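Colleague: The following block contains the structure, expressed as structure tokens.
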Amino acid sequence: MIHILQAGFNYSAEEGFSYGGSYSLAIILMIVVALVGVFVQMRLKSVTRRYSEQMSPRGMTGCELAEKMLHDHGIYNVKVTHVAGHLTDHFNPQTLTVNLSDDVYNARTITAAAVAAHECGHAVQHATGYEPVRLRTQLVPVVNFSSKVAGWLMLLGVVTMAVTNSATLCWVAIAVMGLSTIFALVTLPVEYNASKRAVAWLESSGMLSDADLDGAHEALSWAARTYLVTALSSIVTLLYYIALINRRR
């Protein structure tokens with residue numbers, strides 16, 4: 001795909017699709033991905049709301065369930081804590097804490113069970129040395145830096161290209177932006193695997209009935225798709241800038 005955009009499409013008698021065609025395609029892809037993102041977010045909210053109204057059969061809070069899952073995996077050095085906000089649940093490998101939000105920590109619902117188990121899935125990944133997690137952790141400081149400078153590099157590159165007709169700095173900016181795309185792609189197996197571990201434990205431990213397990217799986221599946229949309233959005237944004245640079249050359 002990147003090769004196509006760099007080379008330009010062809011649709012004249014001799015040369016085919018123009019760079020303008022690849023630029024238009026990039027715009028269309030961005031719109032499509034944005035619409036898909038809106039749909040996924042709406043669907044996720046609907047599913048989590050539905051299962052937030054259904055009580056977990058064991059009656060355990062998100063905190064209690066998280067502690068049990070950690071202990072069942074032989075993890076005793078990770079603390080389950082409360083964090084304010086909505087959808088702020090996360091595992092912090094630096095502090096070794098599973099941080100559960102207002103809607104999960106004290107809740108006894110199917111959604112709370114699914115989210116708590118998912119975050120503990122990340123703790124299990126960390127404890128077992130799951131390779132994609134190690135790679136993502138190594139990328140964090142690099143991506144934090146690149147996200148701060150990429151926009152400025154692209155702006156400076158566009159100005160430089162307008163003055164000197166050299167796109168070198170623009171391509172450097174593209175490479176820096178690519179680090180965020182790599183991070184988004186590495187995040188996919190991390191999130192999907194954490195959900196897989198969560199569902200497997202919820203089933204093997206008997207925390208949820210078969211019907212409730214289906215609900216937890218549905219909620220986690222839609223949550224994972226938000227990361228897929230993020231990755232697609234990052235790829236399409238990269239392609240857009242490549243097409244834009246080629247169009248201006």
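Colleague: Order ILE245, ILE28, most accessible first, counting only protein heavy atoms with a 1.4 angstrom probe.
Modeller: Values: ILE245 5, ILE28 95 Å².
Putting ILE245, ILE28 in descending order of accessible area: ILE28, ILE245.
Colleague: Sequence-distant or interchain residues sharing an amide H contact under 5 Å with ASN99, placed H: which?
Modeller: Those lying under 5 Å, H to H, from ASN99 are THR81, HIS90, PHE91, ASN92.
Colleague: Related question: Excluding same-chain pairs closer than 8 in sequence, count the lysine pairs in the chain whose Cα atoms lie under 22 Å apart.
Modeller: Eligible lysine pairs with Cα atoms under 22 Å apart amount to 4.
Colleague: While we're on this one: Would you mind computing Rg(Cα) / (2.2 N^0.38 Å) for region 32-127, counting N as its residues?
Modeller: Ratio of Rg to 2.2 N^0.38 Å for region 32-127: 1.13.
Colleague: Going by accessible area, probe 1.4 Å, with all protein chains left in place, what is the ranking of GLU131, GLU218, largest first?
Modeller: So, going from the largest accessible area down, we get GLU131, GLU218.
Colleague: What three numbers, in Å, describe the spread of the alpha carbons of region 72-122 along their principal axes, ordered from the longest?
Modeller: 25, 21, 15 Å, listed from the longest principal axis down.
Colleague: Report relative contact order for the chain in percent, whole number only (criteria: Cα-Cα under 8 Å, sequence separation at least 6). Working shown, then result.
Modeller: Details: 343 pairs, mean separation 65.3, N = 249.
That works out to 26 percent.
Colleague: Taking a probe of 1.4 Å, how large is the accessible area per residue of the chain, in Å²?
Modeller: Dividing the accessible area of the chain by its residue count gives 53 Å².
Colleague: Please get the size of the charge dipole for the chain, origin at its Cα centre, with Cβ charges of +1 on Lys and Arg and -1 on Asp and Glu, quoted in debye to the nearest 20. Intermediate results must be reported in sequence, preceding the final value.
Modeller: Values: 17 positive and 17 negative charges, 131 e Å.
Dipole of the chain, to the nearest 20 debye: 620 debye.
Colleague: Follow-up. Grab the DSSP H runs of the chain that are 4 residues or longer, score each as -39,500 (n - 2.57), total them, divide by all residues and round the 222 nm result to the nearest 500 deg cm²/dmol.
Modeller: Result for the chain, helices only: -26000 deg cm²/dmol.
Colleague: Quick one: pull the percent of accessible area on the chain belonging to carbon and sulfur, 1.4 Å probe, ligands and nucleic acids left out.
Modeller: 61 percent
The values are calculated or read from the model by the stated rules, or taken from the named source; none is laboratory data. Bear in mind the structure is a predicted one, so any value in this text is a computation, not a measurement. No Cβ is skipped: glycine too gets one built from the backbone with ideal geometry, and neighbour counts run over all protein chains shown. Side chains are part of the model used for accessible areas, which takes the heavy atoms of the whole protein and leaves out ligands, DNA and RNA. Shrake-Rupley method; radii C 1.70, N 1.55, O 1.52, S 1.80 Å.
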